[in-house]
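The values are calculated or read from the model by the stated rules, or taken from the named source; none is laboratory data. Since the model is a prediction, treat every value here as computed from it, not as a measurement. Note that each Cβ is placed from the backbone with ideal geometry, even for glycine, and that neighbours are counted across all protein chains shown. Keep in mind that these areas ignore ligands, DNA and RNA; they rest on the heavy atoms of the full protein, side chains included. Shrake-Rupley method; radii C 1.70, N 1.55, O 1.52, S 1.80 Å.
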Amino acid sequence: MTVKEKSKGRGRPRAFDREAALDQAQALFHAQGYDGVGVAALAQAMGVNPPSLYAAFGSKAALFDEVLGRYARNGLPIDMLLAPGAPPAAALGALLHEAARIYAADPQTAGCMVLEGARGADAEAACCARNWKAASAQRVRDFLTPTHADKAEVVADYMVTVMSGLSADARAGTPADRLVAVAHMAELAIAAVLAER
């Protein structure tokens, strides 16, 4: 072995690519759930050792919360679909249709990571997911308040309930066309409720 070969492993370590690490963590958490993946598996997938994972993120739950935030910002195009001035029933229906398609698009990452995480066994991780879920429900209430303040609460609750069902059914393998049909029925119900005076 030459000196050059010996020194290959020495020197400055590769730079930590936080976004790539978060991509790997998100894929594992989405596929296996918070409870289904351990720190060792996360660290290996992220290309770090467990102490480096803790140094970078603080804890597994803090990593999960960061991944959930990233997922919530980049998953469904909520801000685009619930733009101010959009017709409420059509906008909420479009959100449900998009959720149905996205939730069933990839069998490895079926369902909604936030909604499924909120059902998890780990109290800290489930609390993180419930906070993101509550923020999404608040986004729906805020969208409806200017035009339907008296119905914003119940319609936001209905949206979360329908989306939770779509997520659970997607994880169970229900095909996208059936989920979209359910989303369409829910859109009709929302339109009927919002039309009531």
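Summary table
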| item | result |
| --- | --- |
| The range 72-188 shape via C-alpha gyration tensor axes, a/c threshold 1.5 | oblate |
| Estimated vicinal HN-Hα couplings, Hz - the range 110-126 in sequence order (Karplus 6.51, -1.76, 1.60; Gly, Pro = x) | 5, x, 9, 4, 5, 5, 5, x, 5, 9, x, 7, 6, 4, 5, 5, 5 |
| Over the range 73-123, equivalent-ellipsoid semi-axes from the Cα gyration tensor in Å | 24, 13, 9 |
| Karplus (6.51, -1.76, 1.60) ³J(HN,Hα), θ = phi - 60°, over the range 57-70, in Hz, Gly and Pro reported as x | 10, x, 6, 4, 5, 5, 4, 4, 4, 5, 5, 4, x, 4 |
| Phi to ³J(HN,Hα) by Karplus 6.51 cos²θ - 1.76 cosθ + 1.60 over the range 135-141, Hz, x for Gly, Pro | 5, 5, 4, 5, 4, 5, 4 |
| Leading residue at positive end of dipole, the chain (Cβ point charges), from ALA105, SER164, SER136 | ALA105 |
| Span from the the range 59-83 Cα centroid across to the the range 100-158 one, whole angstrom | 11 |
| Per residue accessible area of the chain, 1.4 Å probe, in Å² | 55 |
| Accessible surface of the chain, 1.4 Å probe, proportion on carbon and sulfur as whole % | 56 |
| Those GluC sites (Glu not before Pro) in the range 90-197 that DSSP places in a loop and that have at most 13 other beta carbons within 10 Å | GLU196 |
| Rounded FRET efficiency, nearest 0.05, which uses the C-beta distance separating ALA83 from PHE16 and R0 of 35 Å | 0.40 |
